[in-house]
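Data block below; observations after.
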Amino acid sequence: MLMLLSGAHCFAFAADSLVGKAAPGFARRDLMGESIDLGRLRGKVVLLNFWATWCAPCQIEMPAFVRWQRQYGAQGLQVVGISMDDDDAPVRALAAKLKLNYPVAMGDEDLGDLYGGVLGLPLTYLVDRDGVVRARFQGESDLKTMETQVKELLGQR
């Protein structure tokens with residue numbers, strides 16, 4: 001039991017250590033077959049959200065992300081969803097139901113490991129225009145705080 005707690009503590013430290021560092025690069029195809037390349041999103045503020053269809057807090061956040069993409073997209077926000085589901089069929093169904101207006105790619109353990117391991121969902125990173133991780137939110141997050149940080153990264157007050 002102590003080892004498990006120790007391991008979880010190490011995970012939290014490793015994931016938190018991404019804040020202030022360059023976001024790990026990746027390229028994936030989204031559900032529509034389009035390329036998502038984090039490196040090509042330089043110049044934009046990226047909200048990178050790891051989620052799954054079975055995660056209730058994830059589904060609570062996603063309508064806010066749809067709203068923010070619509071509201072702040074022209075100012076440089078790009079929301080990117082990474083589903084940690086094993087199968088894309090339920091992901092496609094939920095994306096359609098929630099009318100997601102941002103790209104969603106399927107994630108896996110390798111991609112999760114780049115971000116310190118995705119052991120709890122939702123997990124969201126805010127990446128600035130220079131590709132540096134500026135914030136990390138895990139679990140049910142305070143959406144007002146997250147939106148405030150998005151606006152600050154976009155240069156709003």
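What follows is calculated from the coordinates using simple rules that are stated; it is not laboratory data. Note that the coordinates shown come from a computational prediction; the quantities given were computed from them, not determined experimentally. Using ideal geometry, Cβ is built from the backbone for each residue, glycine included, and neighbour counts are taken over all protein chains shown.
Hey, what number do you get for the chain at 222 nm if only DSSP H runs of n ≥ 4 count, each worth -39500 (n - 2.57), divided across all residues, to the nearest 500? Write down the numbers at each step before the final one.
Numbers: 5 runs with 59 residues, N = 157.
Using -39500 (n - 2.57) per qualifying helix, the result is -11500 deg cm²/dmol.
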Please report the net charge: other residues with Cβ closer than 12 Å to the Cβ of Leu121, K and R +1, D and E -1.
-3
Along the charge dipole of region 40-157, Cβ charges K/R +1 and D/E -1, which of Ala52, Leu153, Pro122 sits furthest on the positive end?
Leu153
List the aspartates and glutamates whose Cα sits under 16 Å from the Cα of Lys21, skipping any in the same chain fewer than 8 residues away.
Asp113, Asp128, Asp130
Which net charge results for the neighbourhood of Asp88, defined as the other residues with beta-carbon distances under 15 angstrom from its beta-carbon, given Lys and Arg at +1 and Asp and Glu at -1?
-2
In nm, spacing of pseudo-spin labels at Arg42 and Ser17 (7 Å Cα→C-beta vector):
2.5 nm
Note on the chain: contact order normalised by length, alpha-carbon pairs under 8 Å, 6 or more apart, percent, works out to 32 percent
What is the fewest-to-most order of Glu34, Glu152, Glu61 by other Cβ atoms lying within 10 Å of their Cβ?
Glu34, Glu152, Glu61
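About the Cα centre of the chain, how large is the charge dipole given +1 on each Lys and Arg Cβ and -1 on each Asp and Glu Cβ? Please answer in debye to the nearest 20. Walk me through the numbers before you get to the answer.
Working: 17 positive and 19 negative charges, 163 e Å.
With Lys and Arg at +1 and Asp and Glu at -1, about 780 debye.
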Net charge near Gly43 (other residues with Cβ under 14 Å of its Cβ; Lys, Arg +1; Asp, Glu -1) is +1
